[in-house]
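Chemist: Submitted below is the structure of interest, expressed as structure tokens.
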Amino acid sequence: MLYIAHARLLTPAREIPDGAVLIDGGRILAAGPAAGLPAPAAARRLEAGGAWLTPGFIDLQFNGGFGHDFTSAPETIWPVAARLPEHGVTAFLPTIVTAPLNVSAAARAVLRAGPPAGFVGAAPLGLHIEGPFLNPGKRGAHNPAHLRLPDLAAAADWAPEAGVRLVTLAAELPGGLELARALAGRGVCVSLGHTLATYAEAQAALAAGVRYATHLFNAMRPLDHREPGLIGLLLTQPEIVVGLIPDGHHVHPALVDLAWRARGPHGLNLVTDAMGALGMPPGRYPLAGYDVIVDGQTARLEDGRLAGSLLRLDAAVRNLMAFTGCALADAVATVTTTPARLLGLAGERGQIAPGYVADLTLLAPDLTVLATLTAGSVAYAALPGWKE
Ligand code: ZN
């Protein structure tokens, strides 16, 4: 049993200046004002010293990091997951980009096999499969040799219980709406991305069950006042959650602010889209069969196209606040309650409340990560006395 004392709780719907959290069996037993929640004698006490305590962060688009690329080496999902708490991340969707279909099958086998003995780290909640059903006209850094048209048979066993949580596709391609409908019917979160969809085509995709969009503004038809395209729909439709990469390179800060004003904390979801060089020095790194040049700020192909980011999710939260002036609670909601609700996990993750998985992130006044708990275990701690 664990007792976290003197935390400034952001649930994130509520702020509790002097809060406490009681944890047992990997779940939150109780959380609230410290005055009403005394520490049980049997509990190990962790002193938060007035630091912010938020739900653990959830990244829906993460290709790899710390020198490993999931599409090139799916077996690295677990060792990378063990390090993600350094960024306040407690759950994520390992993202497999366009590749032969046996690659996502191998990644699902890695998830099915489960973590190594003694694993403590971020929980992979299933794959995000980005491709191969993408529009060649907006392929970005995806390998054209492996792009293909939407194919019901190729995705016949894609379902949450089989390790597929989210699929990015271009629904305007022949067969795209049928595939979107089939996946959504199985409970997969279907996303539009790497797409040339017009406004009308995006509306049809919404009607077919699409509920997410992959990296707003990137790899989409540009906004035009006579043909608003997918972007026009994303800025105005409350039914669809919008992924965004706020690293200051993928999208200009002014348009991050525009997206924020249009969609707010329940419509916007910050992702990193981080690639294998995240957390590594500048150099050349593999991404799904390509060499990517990393200069410390961006990751690019030889021709200059962006190929994933070097963004950490805690920095994404800080950047959103810097770009928009929004409150910490709202920025935190974009990486906690909003992705949890999108994945159908609203009763399990993304909030500090009794019964929820004890995934928690402790933030310093400058909003850097002091400590992270995953399922009630200290997975990362820069504070003395927190390490077990
Ligand atoms: Zn992409």
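The values are calculated or read from the model by the stated rules, or taken from the named source; none is laboratory data. Model, not experiment: these values are computed from the prediction. Note that each Cβ is placed from the backbone with ideal geometry, even for glycine, and that neighbours are counted across all protein chains shown. Just so you know, the surface numbers come from the protein's heavy atoms only, side chains and all, with ligands and any DNA or RNA stripped out. Shrake-Rupley method; radii C 1.70, N 1.55, O 1.52, S 1.80 Å.
Chemist: Could you tell me how many degrees, from 0 to 90 and to the nearest 10, lie between the Cα long axis of helix 313-324 and the main elongation axis, the longest principal axis, of the Cα atoms of the chain?
Modeler: Long axis of 313-324 versus the principal axis of the chain: about 80 degrees.
Chemist: Report the rotationally averaged projected area of the chain based on its alpha-carbon convex hull, in square nanometres.
Modeler: Values: hull surface 71.0 nm².
Average of the hull's projected areas for the chain equals 17.7 nm².
Chemist: Do any trypsin sites (Lys or Arg not before Pro) in segment 286-337 lie in a DSSP loop with no more than 16 other beta carbon atoms within 10 Å, and if so, which? Show your work: numbers first, answer last.
Modeler: Working: sites: Arg300, Arg305, Arg312, Arg318; in loops: Arg305, Arg312.
Filter output for segment 286-337: Arg305.
Chemist: Moving to a separate point now. Expressed as a rounded percentage, what relative contact order does the chain have, with Cα pairs under 8 Å and six or more residues apart?
Modeler: Numbers: 983 pairs, mean separation 79.5, N = 388.
With pairs under 8 Å counted, the relative contact order is 20 percent.
Chemist: Principal axis lengths of segment 249-388 from Cα atoms, whole Å, largest first?
Modeler: 50, 41, 31
Chemist: A follow-up question, please. Which percent of the accessible area of segment 57-342 is formed by carbon and sulfur heavy atoms (probe 1.4 angstrom)? Before the final figure, lay out the partial values.
Modeler: Details: 5480 of 9850 Å².
Heavy-atom surface of segment 57-342 belonging to carbon and sulfur, 1.4 Å probe: 56 percent.
Chemist: State log₁₀ I(q)/I(0) for segment 1-93 at q = 0.11, 0.14 Å⁻¹ as given by the Debye formula over alpha-carbon point scatterers of equal weight, solvent excluded.
Modeler: Log10 of I(q)/I(0), two decimals: -0.43, -0.62.
Chemist: From the convex hull of the Cα coordinates of segment 33-177, what is the mean projected area in square nanometres?
Modeler: Working: hull surface 49.4 nm².
About 12.3 nm², averaged over all directions.
Chemist: Nearest 500 deg cm²/dmol is fine: what mean residue ellipticity at 222 nm does the chain get from its DSSP H runs of n ≥ 4 alone, each adding -39,500 (n - 2.57), divided by its residue count?
Modeler: Details: 9 runs with 84 residues, N = 388.
Result for the chain: -6000 deg cm²/dmol, rounded to the nearest 500.
Chemist: Next question. Place a +1 charge on the Cβ of each Lys and Arg in segment 57-342 and a -1 charge on the Cβ of each Asp and Glu, then give the dipole magnitude about the Cα centre in debye, rounded to the nearest 20. Each step should come with its number before you reach the end.
Modeler: Numbers: 20 positive and 23 negative charges, 54 e Å.
Approximately 260 debye in magnitude.
Chemist: If r is the Cβ-Cβ distance from His225 to Ala262 and R0 is 22 Å, what FRET efficiency results, to the nearest 0.05?
Modeler: Numbers: r = 15 Å, r/R0 = 0.69.
For His225 and Ala262, the calculated efficiency is 0.90.
Chemist: So if R0 is 22 Å, what FRET efficiency would Ser377 and Asn102 give, r being the distance between their Cβ atoms, rounded to the nearest 0.05? Don't skip to the end; give the middle numbers.
Modeler: Values: r = 34 Å, r/R0 = 1.54.
That gives a FRET efficiency of 0.05.
Chemist: Which semi-axis lengths, in whole Å and largest first, follow from the square roots of five times the eigenvalues of the Cα gyration tensor of segment 56-112?
Modeler: Working: eigenvalues 77, 22, 20 Å².
Semi-axes from the Cα gyration tensor: 20, 11, 10 Å.
Chemist: If the chain between Arg45 and Arg14 were fully stretched, how many nm would it gain, using 0.36 nm times the residue separation less the Cα-Cα distance?
Modeler: Values: separation 31, 0.36 × 31 = 11.16 nm, distance 2.32 nm.
Working it through step by step, the gained length comes to 8.8 nm.
Chemist: Once you treat every alpha carbon in segment 216-300 as an equal point and sum by Debye, what is log10 I(q)/I(0) at q = 0.12, 0.14, 0.24 Å⁻¹?
Modeler: Normalising to I(0) and taking log10 leaves -0.45, -0.58, -1.12.
Chemist: Now a separate question. Just going by the charge dipole of segment 235-388, with Lys and Arg at +1 and Asp and Glu at -1 on Cβ, which of Pro253, Tyr290, Gly325 is farthest out on the positive end?
Modeler: Gly325
Chemist: Counting other C-beta atoms within 10 Å, and keeping those with at most 15, which DSSP coil GluC sites (Glu not before Pro) do you find in segment 167-246?
Modeler: On the way: sites: Glu172, Glu178, Glu201, Glu239; in loops: Glu172, Glu239.
In loop regions of segment 167-246 (DSSP not H, G, I, E or B), the sparsely surrounded GluC sites (Glu not before Pro) are Glu239.
Chemist: Probe radius 1.4 Å, ligands and nucleic acids left out: which of His225, His87, His252 has the largest accessible area, and how do the rest follow? Mind showing how you got there, number by number?
Modeler: Working: His225 155, His87 10, His252 125 Å².
The residues order as His225, His252, His87, largest area first.
Chemist: By how many degrees, 0 to 90 and rounded to 10, does the Cα axis of helix 101-113 deviate from the longest principal axis of the chain?
Modeler: Here the helix axis deviates by roughly 20 degrees.
Chemist: To test your reading of the geometry: what angle, between 0 and 90 degrees and rounded to tens, separates the Cα axis of helix 253-267 from the longest principal axis of the chain?
Modeler: Helix 253-267 sits roughly 70 degrees off the main axis of the chain.
Chemist: Express the accessible area of the chain per residue in Å², computed with a 1.4 Å probe while the remaining protein chains stay in the model. Mind dumping the intermediate values first?
Modeler: On the way: 14070 Å² over 388 residues.
Spelled out: the 1.4 Å probe surface of the chain, per residue, equals 36 Å².
Chemist: Now for a separate question. How much FRET efficiency would the formula 1/(1 + (r/R0)^6) give for Asp291 and Glu178, where r is the Cβ-Cβ distance and R0 is 41 Å, rounded to 0.05? Kindly include the intermediate steps, with their values, before the conclusion.
Modeler: Working: r = 36 Å, r/R0 = 0.89.
So the FRET efficiency works out to roughly 0.65.
Chemist: If each residue of separation counts as 0.36 nm, what is the full-extension length gain between Arg148 and Ala254 once their alpha-carbon separation is subtracted?
Modeler: On the way: separation 106, 0.36 × 106 = 38.16 nm, distance 3.48 nm.
Stretched out fully, the Arg148 to Ala254 stretch lengthens by 34.7 nm.
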